[in-house]
Amino acid sequence: MSNPLGTTLRFLVAALAATFVATPIEAQAPQPFDRAVELASFDTAWTRVRDSYYDASMRGLNWSALRDTLRPRVEHGRSREDTRSAISTLVSRLGESHFGLIPADAMDAGSTDKSDVAGDAGFEVRFVDSTLVVTRVDGGTPASAMGVHAGWLVEEIDTLRVIDVLRATASVSAPTRRFALVRLTLNINGRLTGPSGEKLRLVFRDGKNARRELLVPLRETPGQVVEYGALPPMHVRFDSRRLTSGVRGGSACVGVIRFNIFMTPVMPQFEDAMSGMRSCTGVILDLRGNVGGLGAMVMGISGHYFAKAETLGTMRLREATMRYVANPVRVSRSGQPLQPFEGRVAIVVDELSASTTEILAAAMQVLGRARVFGTPSAGQALPALMTRLPNGDRLMYVIGDFAGPGGSRVEGAGVVPDEPFPLSRRALLAGRDEALEAAVRWIESSGRSTDSLKSAGRR
Amino acid sequence: MNVFVRRVGLAAAALSFVSVAATRVSAQALPDAKDLIQKYNEAVGGNAWKSHTSARMKGTLEVPAAGMRADIEAMNVFASKTFMMKTTIPGMGEMLAGFDGTTAWSKEPMSGARILTGVEGAQAAEEADPEASMRTSPNITKSETVEKTTMNSQECYKVVHTWKSGRTSQDCFSVTTGLIVASIVKQTSMMGEMEVTTLLGEYKDFGGIKRAGTTTMQMMGQEIKTTVTAWEWDTVKPAEMEPPADIKALLKKG
């Protein structure tokens, strides 16, 4: 037993290389201010990025000069917001998506030791053109019972007027606007959360464009709560179902798997779901709104679809270049023999599909193992870590660059669907999910089955 | 590539230009690697470990900056050279690695169960040999002292070990105590190879055998610290070395 720690390191390489998009964060009330602590926080952030950013040349920036320029903002600062502004400006100069600062208040607000139970409105929203549209309503929620429907427009959330935030975004330059909209969408979805049972004032335009003001009680957020390292608590949700045609002895089917984040509680559920879909014509991974998670999970997930240890992409760190490799599934957890799934695989993404989701989708697409449907993904796919600063804020910082199997970066470009389906309010109001329906049609058209399946239908 | 390796590289390049005589002088100034290893063995308790049948190490691993903490437990049965290690990370789950005397394997919640092959498998097998910790394993085919340097704030002699599999690792033996104060290993995983420098400290007596109480290392800009809470001898039961069902099935498949 020469190096038990070395054994652990094998895991840590994978475990530490998480890829995350920041969780939605609300502006928080300022905390007691101590300038020495704020300066230590700035210095910690500056040093951490200097020592861990994958490009030791710091993209040609004079990192010391940047410190000299920005540190005085903290030296003369009057609140923690000045520190946050200085750090955000510093890391923004590297021009990459996965740098972020999460206020300590936001982290504490999300922690599980509070008496409040986390809640949410039970529906999701996306921007379609210049409107904020409900894209999905979970059944059995107060919102659903009150008649909230996919396709409704959201005009106000509590005191926030959507038109005002959109106006602010319009002034952002085109290349940055996409990132800004992704952040904005995340933050607006974050505004649809709060303590369970609390009522949220919402103003909608319904299907007939009538104004509807509702006080929607927040349901208890479903899913398994996971607390991992310095990350805020996360609710892991997993859902799987089979769409069957009822023909061919009931064997023809399309499996649909949907989960919201790449954290390990997903893995056994994914294996069980795939076990029930072995006979299906194809499987759809619905990864819309999945903002990423543990990067190494792509090796386990993709292992259900590859018979060989295919390289899914490379992660360039300062010290080394590491590969994500599919680990073909050959046995179940209980030791039963398994074969990787041979049917068609469709992946559905949207603008909130980010990070680990993009790594998986890009790899499966480039390797010809999946066809991608939906709208272009977020283009935010970098390995990043999170650390706690002396003032309690958390800094998420990039440690690596990622390129897919073909060598192309996902960062910035995102995953471009093979079959693009921009969201349409009309389709949503009609109860249709065009991207999912197209994925089902594509799977149906494969040689394994030509039977018509029932409409996928948005649930 | 870290500073140490750069230095080795530069030294190697420089040597190609100096005279043979100069090289001899340099070599004479350094103690023989065998003597350093023997001194290390004496310092940690010699062959005392051979009076036992198994070892169990318990400890914690922390990545303070990332707010991550893990419990680790490693077991080694000497006669069979079998090895098993559990690392439990809250929020992630249990990671297992093992060697059944013939084949190395791993199972973790992110990428699943697999048999280790190639360099990764060879490294795991070589490290499972209890003599590997003493640097007396027959799996080490050559050990050579390459320089006197300072690592972990201590003067030490750097020794390069060549293993049967062809890989190399390095130890730095304290000039004063003879203990290993730093090690450099290329750690291989399915994701590739990463060179890691580990600093060893706080050697303690665990039942008549001395082992490092703490190790620290830098990886991906993070400091990783391990604190050993216990070394137990002769407490490993055969059932504890049983791999999980999926690994058993994979081992059977071959």
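Are any of the residues in segment B:244-251 more than 18 Å from the chain's Cα centre (by Cα), under 30 Å from residue B:183 (Cα atoms) and of a type in the set (Gly, Ala, Ser)?
Filtering segment B:244-251 down to residues more than 18 Å from the chain's Cα centre (by Cα) leaves B:244-251.
Subsequent filtering for residues that are under 30 Å from residue B:183 (Cα atoms) retains none.
Within segment B:244-251, not a single residue is more than 18 Å from the chain's Cα centre (by Cα), under 30 Å from residue B:183 (Cα atoms) and of a type in the set (Gly, Ala, Ser).
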Got at least one residue in segment A:369-384 being within 30 Å of residue A:41 (Cβ to Cβ), among the hydrophobic types (A, V, I, L, M, F, W, C) and within 14 Å of chain B (Cβ to nearest Cβ)?
-> yes
Which residues, counting only those in segment A:314-341, are over 20 Å from residue B:95 (Cβ atoms) and at pLDDT 95 or above?
-> A:341
Out of the residues in segment A:254-275 that are surrounded by 24 or more Cβ atoms within 10 Å (Cβ to Cβ) and over 29 Å from residue A:398 (Cα atoms), which is nearest to the other protein chains (Cβ to nearest Cβ)?
-> A:255
Taking the residues in segment B:84-102 that are surrounded by fewer than 22 Cβ atoms within 10 Å (Cβ to Cβ) and of a type in the set (S, T, N, Q) as candidates, determine which candidate is farthest from the other protein chains (Cβ to nearest Cβ).
-> B:102
Give the residues of segment A:219-239 that are over 16 Å from residue A:291 (Cβ atoms) and in a loop (DSSP other than H, G, I, E, B), sorted by residue number.
-> A:222, A:227, A:229, A:230
Quick one: is residue A:69 over 20 Å from residue A:232 (Cα atoms) and either within 26 Å of the chain's Cα centre (by Cα) or buried (at least 20 other Cβ atoms within 10 Å of the Cβ) (or both)?
-> no
The correct count of residues that are surrounded by fewer than 24 Cβ atoms within 10 Å (Cβ to Cβ), out of contact with any Lys or Arg (no Cβ under 8 Å at 6 or more places or on another chain), at negative phi and not charged (D, E, K, R) in segment A:359-388 is 4
Test residue B:180 against the stated conditions and say whether it is in contact with a helix residue (DSSP H, G or I) (Cβ under 9 Å, 6 or more places away or on another chain) and either of a type in the set (Ser, Thr, Tyr) or under 21 Å from residue B:143 (Cα atoms) (or both).
-> yes
Subset of segment A:77-88 [over 23 Å from residue A:398 (Cα atoms) and either at pLDDT 95 or above or of a type in the set (S, T, N, Q) (or both)] = A:79
Check off (1) within 14 Å of chain B (Cβ to nearest Cβ); (2) of a type in the set (A, V, I, L, M); (3) closer than 22 Å to residue A:240 by Cα; (4) in contact with a Phe, Trp or Tyr (Cβ under 7 Å, 6 or more places away or on another chain) for residue A:338 and give me the number that stays unchecked.
-> (4)
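Limited to segment A:215-233, what total is found for residues that are modelled with pLDDT of 90 or more, of a type in the set (A, V, I, L, M, F, W, C) and crowded, with 18+ Cβ neighbours inside 10 Å? Working first, answer last.
Taking segment A:215-233 as the starting set, the residues that turn out to be modelled with pLDDT of 90 or more are A:215-226.
Next cut, of a type in the set (A, V, I, L, M, F, W, C) only: A:215-216, A:218, A:225-226.
Among the residues that remain, those that are also crowded, with 18+ Cβ neighbours inside 10 Å are: A:216, A:218, A:226.
Of the residues in segment A:215-233, 3 are modelled with pLDDT of 90 or more, of a type in the set (A, V, I, L, M, F, W, C) and crowded, with 18+ Cβ neighbours inside 10 Å.
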Please work out if residue A:236 is among the aliphatic types (A, V, I, L, M) and away from chain B (no Cβ under 14 Å).
-> no
Residues of segment A:293-326 being at the interface with chain B (Cβ under 7 Å from one of its Cβ atoms), over 13 Å from residue A:356 (Cα atoms), buried (at least 22 other Cβ atoms within 10 Å of the Cβ) and not aliphatic (A, V, I, L, M), which ones?
-> A:303
The one condition in (1) touching a Phe, Trp or Tyr at 6+ places or on another chain (Cβ under 9 Å); (2) at pLDDT below 95; (3) of a type in the set (D, E, K, R) that residue B:171 fails to fulfil = (2)
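Within segment A:189-198, does at least one residue satisfy the condition of being more than 14 Å from chain B (Cβ to nearest Cβ) and over 25 Å from the mean Cα position of the chain (by Cα)?
Let us first name the residues in segment A:189-198 that are more than 14 Å from chain B (Cβ to nearest Cβ), namely A:189-198.
With the extra rule that they be over 25 Å from the mean Cα position of the chain (by Cα), the set shrinks to A:197-198.
Within segment A:189-198 (the criterion being more than 14 Å from chain B (Cβ to nearest Cβ) and over 25 Å from the mean Cα position of the chain (by Cα)), the answer is yes, since at least one residue qualifies.
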Determine whether segment B:76-83 contains at least one residue that is buried (at least 23 other Cβ atoms within 10 Å of the Cβ), facing chain A (nearest Cβ under 7 Å), farther than 30 Å from residue B:32 by Cα and free of Cβ contacts under 8 Å to residues at least 60 places away in the same chain.
-> yes
Spot the failing condition for residue A:278; the list is (1) touching a residue at least 60 places away in the same chain (Cβ under 8 Å); (2) crowded, with 24+ Cβ neighbours inside 10 Å, and only one is missed.
-> (2)
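I'd like the full set of residues that are charged (D, E, K, R) and either under 19 Å from the mean Cα position of the chain (by Cα) or in a strand (DSSP E or B) (or both), limited to segment A:117-134.
In the first step, residues of segment A:117-134 are kept if they are charged (D, E, K, R); the result is A:120, A:124, A:126, A:129.
Selection gives A:120, A:124, A:126.
The values are calculated or read from the model by the stated rules, or taken from the named source; none is laboratory data. In this text, all values refer to a predicted model and were calculated from it rather than measured experimentally. All Cβ positions, glycine included, derive from the backbone under ideal geometry; neighbour counts span all protein chains shown.
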